[in-house]
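Novice: Let me begin by handing over the structure; questions about it come next.
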Amino acid sequence: MNLVLVAAAGGFSDTLKDTAETFSWNPWLFLSQVISFVIVALLLRRFAYKPILAVLEDRRRKIEEGQLNAEKIRKELAEAERRYQEIVAKANADAQRMIDEARESAAHLSARKQQEAVATAEQIIAKAREAAAIEHDRTMESLKRELGHLIVDTTAKVTGKVLTPEDQRRLQQEAARQLS
C-alpha cells in the first residue's frame with residue numbers, strides 16, 4: 001500500500017533512488033554479491049548437496065532393504081514357530097504313546113505277577129495241606145500206639161494176668177482196626 005502512495009506522490013524511480021542512497025546501495029557491489037552467491041550455490045550443489053542427496057538416497061534404499069529383510073525374517077520366524085509347534089505336538093504325541101505303552105506294560109506285568117503270586121500261594125497251601133495230612137497221620141499213628149498200650153495195660157490190670165507180647169500185639173492191632 002505504501003508503494004501505491006509513493007508512486008502516486010511522485011514517482012517510483014525517485015523513491016528507489018532515495019532508498020538506494022539511504023542504504024548505500026551500489027549496483028556493482030550488488031552484482032558481485034549475486035555472482036558470489038551463484039558460485040557458492042553451484043559449488044554447494046556440486047560438492048555438498050549431491051553427496052548429501054546420494055547419502056540420503058543410499059540410506060532410504062537401505063531402510064527399504066531392512067524393511068524387506070524384516071518382513072522376510074518375520075515370515076521365517078512364523079514358519080519356524082509353526083515347525084516348532086509341529087515338533088512339540090509330535091513329541092507330546094510320542095510321549096503320550098510311550099506313557100500309554102508303559103501303563104499297558106505295567107498292567108500286564110502286574111497281572112502276571114499277581115497270577116504268579118496266586119500260583120505260589122496255592123502251592124504253599126497245597127504243601128501245608130500235605131504237611132498237615134502227614135502230621136495228622138503221624139499223630140493218629142502215635143495215638144493208636146498209645147491207645148494200644150493203654151488197652152493192653154488196662155486189660156492186664158482188669159484181668160489180673162500178665163499178657164504175652166503176642167497178646168499185646170493182637171490187642172493193639174484190634175484197637176487200631178476199630179479206630180480206623
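The values are calculated or read from the model by the stated rules, or taken from the named source; none is laboratory data. Given the structure is predicted, the values throughout are model-derived calculations rather than measurements. In this analysis, Cβ positions are derived from the backbone assuming ideal geometry, glycine residues included, and neighbour counts consider all displayed protein chains. Side chains included, ligands, DNA and RNA excluded: accessible areas come from the protein's heavy atoms. Shrake-Rupley method; radii C 1.70, N 1.55, O 1.52, S 1.80 Å.
Novice: If r is the Cβ-Cβ distance from residue 48 to residue 25 and R0 is 45 Å, what FRET efficiency results, to the nearest 0.05?
Specialist: Here the calculated transfer efficiency is 0.90.
Novice: Moving on to the next point. Let me have the relative contact order for the chain, percent, based on Cα pairs under 8 Å that are six or more residues apart.
Specialist: So the answer I get is 12 percent.
Novice: Next question. Taking the Cα centre of the chain as origin, work out the dipole magnitude from +1 charges on Lys and Arg Cβ and -1 charges on Asp and Glu Cβ, in debye rounded to 20.
Specialist: 280
Novice: Round to the nearest 10 and give me the degree value, 0 to 90, for the angle of helix 12-22's Cα axis relative to the longest principal axis of the chain.
Specialist: 80
Novice: State the extension gain, in nm to one decimal, for the chain segment bounded by residue 141 and residue 58, taking 0.36 nm per residue of separation less the distance between their alpha-carbons.
Specialist: Length difference between fully extended and current span is 17.9 nm.
Novice: Give me the percent of the accessible area of region 82-180 that comes from carbon and sulfur atoms, probe 1.4 Å, all protein chains in place.
Specialist: 57
Novice: Note the angle between two axes, namely the Cα long axis of helix 165-179 and the longest principal axis of the Cα atoms of the chain, as a number of degrees from 0 to 90, rounded to the nearest 10.
Specialist: The helix 165-179 is inclined about 50 degrees to the chain.
Novice: Any idea of the accessible area per residue across the chain, 1.4 Å probe, to the nearest Å²?
Specialist: 89
Novice: Using 1/(1 + (r/R0)^6) with R0 = 30 angstrom and r between the beta carbons of residue 110 and residue 87, what's the FRET efficiency to the nearest 0.05?
Specialist: For residue 110 and residue 87, the calculated efficiency is 0.30.
Novice: Here's a follow-up. I'm checking a number: the convex hull volume of the Cα atoms of the chain, normalised per residue, in Å³. What is it?
Specialist: 407
Novice: In nm, give the distance between the simple-model label positions of residue 125 and residue 96, each being 7 Å from the Cα along the Cα-to-Cβ direction.
Specialist: Here the modelled spin labels are 4.3 nm apart.
Novice: While we're looking at this one, here's another question. Ignoring everything except DSSP H segments at least 4 long, calculate the 222 nm mean residue ellipticity for the chain; use -39,500 (n - 2.57) per segment, divide by total residues, nearest 500.
Specialist: One gets -32500 deg cm²/dmol as the mean residue ellipticity at 222 nm.
Novice: Over the C-alpha atoms of region 92-180, what are the Rg and the largest Cα-to-Cα span, Dmax, in Å?
Specialist: Calculated on Cα positions, Rg and Dmax stand at 30.1, 98 Å.
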